[in-house]
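A short worksheet on the structure shown next.
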Amino acid sequence: MAGDHRVKFVVVLGDITQNGRARDLEKFISIAQSLGVPCYPVVGNHDIYHNNWPAWRDLIGSTSYRIDGYNLTLFVLDSANAFFGASQLSWLDRELGTAKGRVFVFTHANLFTESVTDIQVLTDLRERARIMSLLQGRVDGMISGHAHKRIIKTRGAVRYTAVEDFKSTKTYCRVEVGPGGVSYTFAAL
């Protein structure tokens, strides 16, 4: 990333820590601040283990938020406890009404699997149907982590991408938005 002027920001898709310890979050903050571009964290299930919600709240802040800029609107959603919840989805529905430019949603839990042996946290099919309905025609893509493998599905005009875990594969996904549309490139360090 260093010296690449095309990189405007980084989104880390959760499980920033193994067990939510404050010292691990502090290390992440230090690394994120050294990137030279904004870094937007997504809370993952490992980040809240052992009742460590307070550490996230005190060091990182909110687990759901909106970012506007670069002719984009980004939404970061909290799915660390295996669901989104009615209030978060109602907030997203309202906020999508004022989104500008290309719109992307980032969260930890993936919505789709490739087989019954894949890791999937979001198992409430009604909630999954609700979020897919909210996103249809309003967002370009939803990008998640958690699955530890790459899963790409398109439903309607929405691309759902689960990115493999960085720790073991050193793989990341670069999303480029331009006049010709949106492109996704996977690369490894």
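Residues whose amide H lies under 5 Å from that of G44, counting only those 5 or more places away or on a different chain, are D15, I16; hydrogens are built 1.01 Å from N in the peptide plane. The Cα center of the stretch 1-61 and the Cα center of the stretch 89-126 differ in position by 20 Å.
For the stretch 71-80, backbone phi angles converted through the Karplus equation (6.51, -1.76, 1.60; θ = phi - 60°) give residue-by-residue couplings of 6, 10, 10, 10, 10, 10, 10, 9, 10, 5 Hz, Gly and Pro being listed as x. Residues S87, S64, ranked from the fewest to the most other C-beta atoms within 10 Å, line up as S87, S64. Across the options G145, L135, V121, the greatest Cα extent toward the positive end of the charge dipole of the stretch 113-155 (unit charges at beta carbon of Lys, Arg, Asp, Glu) belongs to L135. Using the Karplus relation 6.51 cos²θ - 1.76 cosθ + 1.60 with θ = phi - 60°, the per-residue 3J(HN,Hα) values for the stretch 100-107 come to 10, x, 5, 10, 10, 10, 10, 7 Hz, with x marking Gly and Pro. Each residue of the stretch 35-52 is assigned a 3J(HN,Hα), and the resulting list reads 6, x, 9, x, 10, 10, x, 10, 6, x, 4, 5, 6, 10, 4, 6, 6, 9 Hz, derived from the Karplus form 6.51 cos²θ - 1.76 cosθ + 1.60 (θ = phi - 60°), x at Gly and Pro. For the stretch 1-141, the residue among F28, I48, S64 whose Cα projects farthest onto the positive side of the dipole built from Cβ charges is S64. When the helices of the chain are scored as -39500 (n - 2.57) per DSSP H run of n ≥ 4 and the total is divided over every residue, the value at 222 nm lands at -6500 deg cm²/dmol.
Placing +1 on the Cβ of every Lys and Arg and -1 on the Cβ of every Asp and Glu, with nothing else charged, gives the chain a dipole about its Cα centre of roughly 340 debye. All C-alpha pair distances within the stretch 23-62, sorted into 5 Å bins from zero, spread as 6, 22, 33, 24, 11, 3, 1 percent across the bins. If both residues of a DSSP beta bridge must be in the chain, then about 55% of such bridges are antiparallel.
Each reported figure results from applying straightforward, stated rules to the coordinates on display, with no laboratory input. Predicted model, so just to flag it, every value in this text is computed and none were measured. Cβ: placed from backbone, ideal geometry, glycine included. Neighbour counts: every protein chain shown.
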